[in-house]
Structure formats: structure tokens, C-alpha cells
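All remarks here apply to the structure that follows.
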């Protein structure tokens, strides 16, 4: 199931006020449930695949503070539009080890441009800009693990 479809489903759950939504497409299914108010997590997401057991750690993972690369701002507070990781995985700035980076700091990007890749379960997931602007900072080094909802790129 496409990550954009899953994001739309999460938005639907948030906007409608329903407690839980389960969708099946072929052998894939996704269940999105609202977390209790006291946990601080607005939505829990679990993906089910026929050959794997659900991993509840994905829904309860807390994003650690990543060491910023040299291009990242020194302050802990980020300004501008923050592109976050939609999943737990490994961050890559390039499509292959010897290729040119998708984007550089200071580069203009349009909505839909590929910013990076997050590898999860041997699947390469392209992370696209959802807003046009200029790349202000790249917050993660290539090859570093990232958590769900961890800031990756700042667009101004």
C-alpha cells in the first residue's frame, strides 16, 4: 500500500473523529486507531503483511534526537516546513552509494521532488517534498537510522 494513501487515511481518521479504521487491499491491510488522550500520540499505525507479525514497536517508538550533520542548524528549534520520516528505517541522501545526492542545502525544490530515501524492510521508499521552497537544512546523515516522525529536511 502506498505511503501517501496511508497518510490520507490518517488525516481522515483525525478529521472525522472516528476511533479506528481498517482497510484491506488484496493481501495487505492497514489498521489506524486513535490513541488514548493521555498518551500524547494522536494516531497509532500498524501495518500488517502476510509473512510478518505486526510490530507494535513501530506504533510506540519515540524519536531520539539525531546528531545533526554539518549543514544542520545548531539550535534545537527548527523554523520552516519540516519534512518528517513517515516510517522507521535507514536514511539515504543518494539513490546509490556513488550517485549524486537528491538535494543539497540551498537548492530549490518543487512539491513532488524526491528529497531522500528511507529504507524499511529492504524496500526503498522515496520521500518527496510536499511543499515547494528552498532546502534550508538536511538534519540526518546518509546511512543513519531514523525513527517514525523524525525531522529529516527543512524547507523554507
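The numbers here are math on the coordinates, done by the rules we state, and not lab data. This structure is a prediction, so every number in the text was calculated from the model and none was measured. Don't worry about glycine lacking a Cβ; one is built from the backbone with ideal geometry, like all the others, and counts go over all protein chains shown.
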Practice task
Starting from the Cα coordinates of the stretch 81-155, work out the convex hull volume and express it per residue in Å³.
Solution key: 74
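At 0.36 nm per residue, and after removing the present C-alpha to C-alpha distance, how many nm does the segment from residue 3 to residue 113 gain when stretched out fully?
That works out to 38.1 nm of additional length.
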Problem - Theoretical FRET efficiency, 1/(1+(r/R0)^6), r = Cβ-Cβ of residue 33 and residue 132, R0 35 Å, to 0.05 - result: 0.55
Exercise for the section: Quick one: order 115, 78, 139 by neighbouring beta-carbon count within 10 Å, fewest to most. Expected result: 78, 115, 139
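How would you rank 89-96, 20-27, highest first, on the average number of other Cβ atoms within 10 Å across their residues?
89-96, 20-27
Suppose a student asked you for the relative contact order of the stretch 81-155, using Cα pairs under 8 Å spaced at least 6 residues apart; what percent would you report? Don't skip to the answer; put the middle values down first.
Working: 181 pairs, mean separation 33.0, N = 75.
This gives 44 percent for the stretch 81-155.
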Problem - Nearest-0.05 FRET efficiency for residue 98 and residue 149, computed from C-beta distance (R0 41 Å) - result: 0.85
